[in-house]
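The values are calculated or read from the model by the stated rules, or taken from the named source; none is laboratory data. This structure is a prediction, so every number in the text was calculated from the model and none was measured. Every residue, glycine among them, receives a Cβ derived from its backbone with ideal geometry; neighbour counts consider all protein chains shown. Quick note on the areas: whole protein, heavy atoms, side chains included, nothing else; ligands and nucleic acids left out. Shrake-Rupley method; radii C 1.70, N 1.55, O 1.52, S 1.80 Å.
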Amino acid sequence: MAAPRPAVLDLRVIDAVVLDTDGVITDTARTHAAAWKRAFDELLRERGRRTGTDLPPFDIGSDYPRFADGRSREDGARGFLASRGIVLPEQAADGTESLESLLERKNRYFLDEVRRGVHAFPSTVALLRALRDRGCGIAAVSASRNCGPVLRAAGVDVLVDVRVDGLDAARLGLPASRNRLCSSKPRGA
């Protein structure tokens with residue numbers, strides 16, 4: 001049996017492309033995982049101190065794919081917390097821990113990680129440059145409101161003509177928990 005032939009794109013006939021930022025242009029999974037670990041582990045340590053229990057920390061290798069990757073932030077957080085027997089109120093006006101405060105903390109930690117740098121996939125960068133050299137229009141999409149900082153940190157923002165992201169989804173009133181713009185698999189943003 002003959003080996004399958006590799007896919008070949010004739011870049012001369014492509015006028016525009018739309019690429020997902022997370023997982024296609026940039027490897028943000030490790031960035032999200034590090035931010036989730038920091039946020040969850042802080043919550044677990046504090047909860048353990050208050051209750052006198054030993055709660056296992058967030059494990060990037062097993063907990064991230066099981067609870068966070070491929071899910072909205074809210075669903076991922078709820079699922080992971082439930083695995084540790086924790087239920088948080090959605091919001092808390094009195095400053096106590098809530099799902100909302102946890103998600104805000106995770107986002108701050110994610111942006112800390114982004115400032116340290118984001119890895120762009122070399123093969124995708126090469127494709128973007130080849131498309132750019134041929135005058136092709138390039139759009140990056142992401143459900144994340146942090147798409148701009150991610151593309152800048154990866155050094156690929158200059159290769160993208162248009163960005164459609166979570167800021168656009170919010171402006172357009174798209175549902176926040178399912179605002180994945182261009183993929184069949186939602187990710188935790």
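Across segment 69-166, Cα pairs under 8 Å and at least six residues apart give a relative contact order of 21 percent. Principal-axis analysis of the Cα atoms of the chain puts helix 122-133 at an angle of about 40° to the longest axis.
Between Asp75 and Arg152, what is the label-point separation in nm under the 7 Å Cα-to-beta-carbon projection? My value for the distance between the label points is 3.1 nm. Between Ala170 and Val87, the distance separating the two model label sites (each 7 Å from Cα on the Cα→Cβ line) works out to 2.9 nm. Restricting the GluC sites (Glu not before Pro) of segment 64-145 to loop positions (DSSP other than H, G, I, E, B) with no more than 10 neighbouring Cβ atoms within 10 Å leaves Glu90.
Just in segment 13-77: which trypsin sites (Lys or Arg not before Pro) are loop by DSSP and have at most 15 other Cβ atoms within 10 Å? Can you show the working numbers first?
Details: sites: Arg30, Lys37, Arg38, Arg45, Arg47, Arg49, Arg50, Arg66, Arg71, Arg73; in loops: Arg71.
For trypsin sites (Lys or Arg not before Pro) across segment 13-77 that sit outside H, G, I, E and B with at most 15 neighbouring Cβ atoms in 10 Å, the list is empty.
For the chain, carbon and sulfur atoms together expose 53% of the accessible surface, with a 1.4 angstrom probe and every protein chain in place. The residues of the chain expose on average 56 square angstrom of accessible surface per residue, using a 1.4 Å probe on protein heavy atoms. Only one residue of Leu43, Ser101, Ala120 has its Cα farthest out toward the positive end of the dipole of segment 38-128, where Lys and Arg carry +1 and Asp and Glu -1 on Cβ, and that residue is Ala120.
Give me the dipole magnitude in Debye, nearest 20, for segment 49-189 about the Cα centre, with unit charges on the beta carbon: positive for Lys and Arg, negative for Asp and Glu.
Details: 23 positive and 18 negative charges, 67 e Å.
Charge dipole, segment 49-189, about its Cα centre: 320 debye, nearest 20.
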